[in-house]
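The next block holds one structure in the form of structure tokens; read it before the comments.
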Amino acid sequence: MRGWLLMTGGLLIWAAHFMGVYAISSLGDVVETADAPAWRMAALGFSLACVAAEAGFLLWVARTGRAIEDGVGRLAVGVGFTGGLVGSLGVIWQAAPTLIGY
Amino acid sequence: MSSETGFDPELYKRFPTQEGRPEGELKQLEDVWCGPRKPWEWITAINNNYIGVYYVGAAMLFFVLAGVLALLMRTQLALPLNGFLPQETYNQIFTMHGTVMMFLFAVPAVEALGVLLLPQMLGARDLPFPRLSAYAFWAYLVGGLAFFCSLFFGLAPNGGWFMYPPLTSTTYSPGINADFWLLGIGFIEISAIAGAIEIIVGVLKTRAPGMTLDKLPIFAWAMLIFACMIIIAFPAVILSTLLLELERALDWPFFDAARGGDPVLWQHLFWFFGHPEVYIIFLPAAGAMSTIIPVVAQTRLVGHRLVVMAMLATGFISFGVWAHHMFTTGMPRISTNYFSAASMAVSVPAGVQVFAWIATLAAGKMRFNTPALFAVGGLVIFVMGGLTGVMVAMVPFDWQAHDSYFIVAHLHYVLIGGMVFPLFAAIYYWLPMSSARPLSERWGRWIFWLMFAGHNITFLPMHLTGLMGMPRRVYTYLPDRGWELPNVISTVGSFMFGLAVLLWIVDMLRNFRPFGAREAGNIFNGPGLEWLPNGLYSLRSIPVVKSLYPGWDQPDLGRDVAAGRYFLPGAPRGERETIVTSPLNAEPQYLQRMPRPSSWHVWGAIFTAGFFLILTVQAYAAAVISGLLAVYCIIKWCWNLDRPMPQATVDIGGGVRVPTYVSGQTSHGWWAMVITLIVAGMVCLLAGFAYVFLWSRRPDLWIAPPDTATLVQGLVLLAVAGAAALAAPPALRLDRPRSAAVSALLLLVACIALAWASWIDISAWIQAGLDPKATGQGATVFALMSWQALFAGIALIMGPFAVLRWLFGLASAGRSATFELIGLFLAFTTVQGVFVLLLTRLFPGG
């Protein structure tokens with residue numbers, strides 16, 4: 001399980017972020033409007049939490065990578081680290097609408 | 001990472017063994033894995049070498065049929081105000097073209113490629129559930145042909161391949177045309193899911209020893225991710241087709257805005273499946289490209305790990321783009337932009353793969369044979385389609401191009417470049433392995449250039465026709481709009497494409513002729529295990545894999561494998577067997593007894609298809625009979641499973657001994673059940689989404705839930721069911737005189753409690769005055785309860801099945817797999833019941 005988590009963790013955080021901001025804007029749409037400032041800030045706060053989670057994940061992968069020597073481990077760390085980078089960029093990119101407001 | 005299972009990798013050093021093999025060992029292996037000897041055995045065959053070829057053949061048949069429909073459409077559109085096809089026929093033809101290409105060709109074709117290639121590529125004798133593959137194939141073939149034949153009776157669906165309501169509601173589509181689509185496609189997707197389960201368990205559990213994840217062929221990686229995506233995405237189309245059919249048949253208003261439904265719900269559900277579907281099709285093709293390009297360049301894939309990451313990232317991000325098909329529906333602008341951002345982001349991992357392929361071609365020395373031409377041609381076309389994809393990911397541009405021929409051009413560039421050309425590359429590349437004869441190189445070049453030119457001549461002008469304002473799905477157009485020339489050019493191109501396919505068919509017929517030499521060998525110098533000498537039993541012995549490119553890095557591997565110097569060199573017990581290994585490190589875990597050919601899965605598939613198809617024509621009694629016969633066949637099939645061997649452990653070669661029977665998390669059956677339950681859970685979760693979504697549309701129409709007493713009763717019954725389901729397998733494993741009886745009765749109690757809980761919940765809502773025909777709340781609550789009741793109904797079949805196995809002496813501590821799987825299913829049904837109960841009673845609250 002740890003191996004799979006290493007490989008997919010960064011992308012899982014991206015998926016959680018995507019679903020989260022979509023759910024927040026949908027809820028905002030029901031209660032007020034989807035792009036009302038309070039809901040945008042809630043989505044931005046959630047995005048910051050996800051960026052922090054991505055950073056934590058990358059740190060964990062980097063630390064784990066130092067102790068790993070076998071082929072499967074190296075693959076998991078390599079895939080996990082690049083996946084974490086892509087996930088981080090994805091989270092930041094998708095948080096842009098919360099700042100711009102549309 | 002340390003050993004997963006406690007297996008000592010030092011044991012691999014015993015291979016290749018040096019002692020001679022017993023006389024007659026190879027003959028016995030050939031006899032055990034023999035092919036059909038009597039005519040009907042061609043139908044009951046289950047070996048992947050047969051089912052895989054049948055599967056690819058059937059998919060290509062549907063490709064040709066849908067291609068003929070495309071030529072009919074292009075003939076109609078060649079001239080303005082053309083009268084070649086009547087309007088209604090045109091509507092049916094464009095709907096069937098899209099539907100057949102997407103559902104009956106694209107997904108089955110890549111799944112078929114997996115069934116055909118994976119066992120040899122992974123070093124397994126066969127995939128772990130060969131009868132399931134065969135069942136999936138026959139269900140797909142029978143269902144697909146019957147579905148296609150609806151065209152000849154004017155009964156084919158005519159609402160477009162994505163069947164948007166309200167156009168497809170009974171008001172605007174009163175005939176049974178739409179029902180054919182809804183029941184037919186829903187059913188065919190079940191067959192696709194069966195194939196995906198087979199592929200996931202196969203890739204994770206039946207690899208050659210030593211084939212750790214870092215040595216897993218890139219095509220197998222692609223197939224693994226592809227199958228996981230099917231498990232997550234396809235439940236959405238199963239649910240959406242189910243809901244629309246319920247609306248049409250029973251008047252439950254899921255999509256009727258006047259009664260609290262919403263047609264946009266269909267779009268959410270359909271595209272949650274529909275857009276990942278594009279990547280579901282693309283990933284295996286990309287896996288084939290990542291396999292073929294290093295071979296044609298005779299060098300290793302540049303950036304192997306990055307390509308694995310890119311495929312994983314594509315798998316994830318593709319689930320965040322579904323609403324880019326809905327930019328014009330009036331979604332909140334900020335939500336639209338989240339999807340726009342994801343749609344642009346998904347091009348990054350696709351780009352990583354494209355650059356890896358280009359770098360590999362640059363690093364090696366490319367040979368311009370036919371697979372290489374198709375691979376590079378596909379790459380060029382896919383990149384062009386990807387670029388227009390980024391354009392339509394931008395909301396303002398999409399508003400202009402939406403529903404125009406620009407989109408038709410874009411999607412054909414992506415799908416033909418991303419899937420059709422790589423598939424042809426794969427056919428040209430792997431056919432010498434599968435049929436032991438290569439296709440003609442000279443013909444292949446002609447076919448490629450005709451197809452490449454035909455594609456571009458057809459679809460490049462469509463960008464312009466679209467930008468000039470020509471909408472999709474029109475059967476004709478007026479003259480003097482400037483659309484005549486691009487349309488006639490597109491038609492000429494489409495016939496060039498058709499000619500290429502015709503030449504390919506002729507070459508394929510020549511290839512499969514029943515006479516002449518069959519000894520192509522490894523003509524492309526491929527490095528995978530599939531290129532080692534093989535037979536119907538796959539490889540003579542299952543090697544220890546030490547490299548990502550064993551054919552290039554392990555000299556003498558082919559000779560030693562063929563001489564039986566590795567694992568499982570024969571079939572000493574006279575059984576079909578394969579080695580099951582661990583998911584990460586591929587350490588040998590146990591010996592799986594494989595099934596022999598039988599007819600039960602074929603009959604099961606025919607009656608299952610019959611149930612859905614007869615339901616379409618509203619012959620309910622006949623449909624029920626067909627359904628009952630299908631259930632009987634499947635029970636008969638399951639009755640013969642779970643058979644331990646007389647020996648508890650066996651030597652699989654080199655003195656390595658493994659068990660012959662396992663149950664629980666180690667067993668392949670447990671994995672398959674878990675994946676099946678994930679599919680069911682996804683359907684339930686999405687139904688929960690539909691429930692919340694419809695509440696958000698018209699909360700004023702919702703009534704208060706029934707009293708709390710029935711909620712408590714339901715929860716107590718579900719708790720009893722869950723406890724009994726969880727207690728049953730450990731009770732059997734206690735291995736006392738009455739263990740089997742107690743365990744079977746516990747399972748029966750769980751089944752009854754589940755059914756009772758369902759009954760109480762349904763009764764309570766009826767008494768509370770909820771009418772499924774009145775509002776969106778009624779429709780979704782009854783849909784959720786019906787889904788749970790369906791599982792309780794299946795449980796009511798499983799409970800007596802368990803009791804019968806106990807009565808026949810087929811349940812014991814050493815034969816516990818069936819009871820464990822039934823227990824797992826019942827535990828899941830309990831959790832699902834709790835979810836349904838709490839969601840419908842507590843949200844949005846009384």
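A short reminder: the numbers here are calculations on the coordinates, not readings from a lab. Model, not experiment: these values are computed from the prediction. So basically every Cβ, Gly included, is an ideal-geometry build from the backbone, and we count neighbours across all protein chains shown.
What do you get for Rg/Rh of the stretch B:557-707 when both radii come from the Cα atoms and Rh is the Kirkwood radius?
Numbers: Rg = 23.7 Å, Rh = 20.3 Å.
Ratio of gyration radius to Kirkwood radius: 1.17.
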* **Virtual paramagnetic centre 7 Å along Cα→Cβ of B:Ala741, amide N under 16 Å, in the stretch B:785-810** => B:803-810
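Please compute the net charge surrounding B:Arg131, taking Lys and Arg as +1 and Asp and Glu as -1 over other residues with Cβ under 13 Å from its Cβ.
My count for the surroundings of B:Arg131 gives +2.
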* To do: Of all alpha-carbon pairs in chain B, indicate the percentage at a distance above 53 angstrom.
  => 13
* **Relative contact order of chain B, defined on C-alpha pairs under 8 angstrom at six or more residues apart (%)** => 16
* **Interchain or long-range residues, amide H under 5 Å from B:Gly160's placed H** => B:Thr95
* Scan around B:Tyr590 for amide H atoms under 5 Å from its own, H built in the peptide plane at 1.01 Å from N, and keep only partners 5 or more places away or cross-chain. => B:Val580
* **For B:Asp256, distant residues with modelled amide H under 5 Å away** => B:Gly261, B:Asp262
* So how far apart, in nm, are the two label points at B:Gln767 and B:Phe152 if each is 7 Å from Cα heading toward Cβ? -> 5.5
* To do: If a/c stays under 1.5 just call it rounded; otherwise compare a/b with b/c (prolate if a/b is bigger, oblate if not). Do that for the stretch B:56-511, with a ≥ b ≥ c from the square roots of the Cα gyration tensor eigenvalues.
  => rounded
* Structure fact -> Most exposed first, judged by fewest Cβ atoms within 10 angstrom, A:Val72, A:Val21 run A:Val72, A:Val21
* Structure fact -> Treating only Lys and Arg (+1) and Asp and Glu (-1) as charged, each at its beta carbon, one finds that the protein assembly as shown has a dipole about its Cα centre, in Debye to the nearest 20, of 1640
* Structure fact -> Distance in nm between B:Leu509 and B:Val492 label points, each 7 Å along Cα→Cβ, equals 2.9
* Please turn the phi angles of the stretch B:169-183 into ³J(HN,Hα) values with the Karplus equation 6.51 cos²θ - 1.76 cosθ + 1.60 (θ = phi - 60°), one per residue in order, whole Hz, x for glycine and proline. => 6, 5, 4, 9, 10, x, x, 9, 4, 5, 5, 4, 5, 5, 6
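What does the helix-only formula give at 222 nm for chain B: each DSSP H stretch with n ≥ 4 adding -39500 (n - 2.57), the total divided by the residues, and the result rounded to the nearest 500 deg cm²/dmol?
Working: 27 runs with 533 residues, N = 846.
Using -39500 (n - 2.57) per qualifying helix, the result is -21500 deg cm²/dmol.
What FRET efficiency do you get for B:Arg596 and B:Leu478 if R0 is 45 Å and r is their Cβ-Cβ distance, rounded to the nearest 0.05? The partial results should precede the final answer.
Details: r = 64 Å, r/R0 = 1.42.
Calculated value: 0.10.
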* Under DSSP loop assignment and at most 13 Cβ neighbours within 10 Å, longest GluC sites (Glu not before Pro)-free interval of chain B -> B:24-518
* To do: Consider just the alpha-carbon atoms of the stretch B:600-647 and return their Rg together with their Dmax, both in angstrom.
  => 14.0, 52
* Please give, to one decimal in nm, the separation of the simple spin-label points placed at B:Leu842 and B:Met645, each 7 Å out from Cα toward the Cβ. => 5.0
* Along the stretch B:38-46, what does the Karplus equation 6.51 cos²θ - 1.76 cosθ + 1.60 (θ = phi - 60°) give for ³J(HN,Hα), rounded to whole Hz, x for Gly and Pro? -> 10, x, 6, 6, 5, 8, 8, 4, 10
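Strictly over 25 Å apart at the Cα level, which of B:Lys27/B:Lys636; B:Lys13/B:Lys215; B:Lys38/B:Lys205 would you flag in this model?
Those over the limit are B:Lys27/B:Lys636; B:Lys38/B:Lys205.
Rank these for me by crowding, B:Val803, B:Val617, going from fewest to most other beta carbons within 10 Å.
B:Val617, B:Val803
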* Which whole-number percentage describes the relative contact order of the stretch B:56-511, with Cα contacts under 8 Å and a sequence gap of 6 or more? -> 17
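Scan chain B and hand back the longest stretch that contains none of the chymotrypsin sites (Phe, Trp or Tyr not before Pro) lying in DSSP loops with at most 14 other Cβ atoms within 10 Å. Don't skip to the end; give the middle numbers.
Working: sites that count: B:Trp40, B:Tyr172, B:Phe368, B:Phe512, B:Phe515, B:Phe808.
It runs B:516-807.
Between B:Leu628 and B:Ser696, how high is the FRET efficiency from 1/(1 + (r/R0)^6) when r is the Cβ-Cβ distance and R₀ = 56 Å? Nearest 0.05.
Step by step, r from the Cβ atoms, then E = 0.90.
Work out the FRET efficiency for B:Leu807 and B:Ala520 from their Cβ-Cβ distance, taking R0 = 51 Å, and round it to the nearest 0.05. Intermediate results must be reported in sequence, preceding the final value.
Details: r = 54 Å, r/R0 = 1.07.
It comes to 0.40.
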* Residues with beta-carbon under 15 Å from that of B:Thr241, excluding B:Thr241: net charge, scoring Lys, Arg +1 and Asp, Glu -1? -> -4
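For the protein assembly as shown, what is the convex hull (Cα atoms) projected area averaged across all directions, in square nanometres?
Values: hull surface 152.1 nm².
So the Cα hull casts an average projection of 38.0 nm².
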* To do: Hand me the trypsin sites (Lys or Arg not before Pro) from the stretch B:315-377 located in a DSSP loop with no more than 11 other Cβ atoms within 10 Å, in residue order please.
  => B:Lys365
* Structure fact -> Once normalised by the length of chain A, the mean sequence separation of its alpha carbon contacts under 8 Å that are 6 or more apart gives a contact order in percent of 45
* Taking the Cβ of each residue in B:Ser743, B:Ser696, B:Ser191, B:Ser347 as the centre, tally the other Cβ atoms inside 10 Å and list the residues starting with the fewest. => B:Ser696, B:Ser347, B:Ser191, B:Ser743
* Asked: Per-residue HN-Hα couplings for the stretch B:234-248, Karplus 6.51 cos²θ - 1.76 cosθ + 1.60 at θ = phi - 60°, whole Hz, x for Gly and Pro?
  -> 5, x, 5, 6, 5, 5, 5, 5, 4, 5, 5, 5, 5, 5, 5
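Could you tell me which of rounded, prolate or oblate describes the stretch B:348-444, using a ≥ b ≥ c as the square roots of the eigenvalues of the alpha-carbon gyration tensor, with rounded for a/c under 1.5 and, failing that, prolate when a/b is larger than b/c and oblate otherwise? List each step's numbers first, then the result.
Numbers: a/c = 3.36, a/b = 1.91, b/c = 1.76.
Prolate shape, in that a/c is at least 1.5 and a/b is the bigger ratio.
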* **Gain upon complete extension [B:Leu734, B:Thr171; 0.36 nm per residue less C-alpha separation]** => 196.7 nm
* Rg [Å, one decimal], Dmax [Å, integer] - the stretch B:664-842, C-alpha atoms -> 17.8, 60
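In square nanometres, what is one fourth of the surface area of the convex hull spanned by the alpha carbons of the stretch A:2-100? Display every interim value, and only then the final one.
Working: hull surface 23.5 nm².
For the Cα atoms of the stretch A:2-100, the hull's average projected area reads 5.9 nm².
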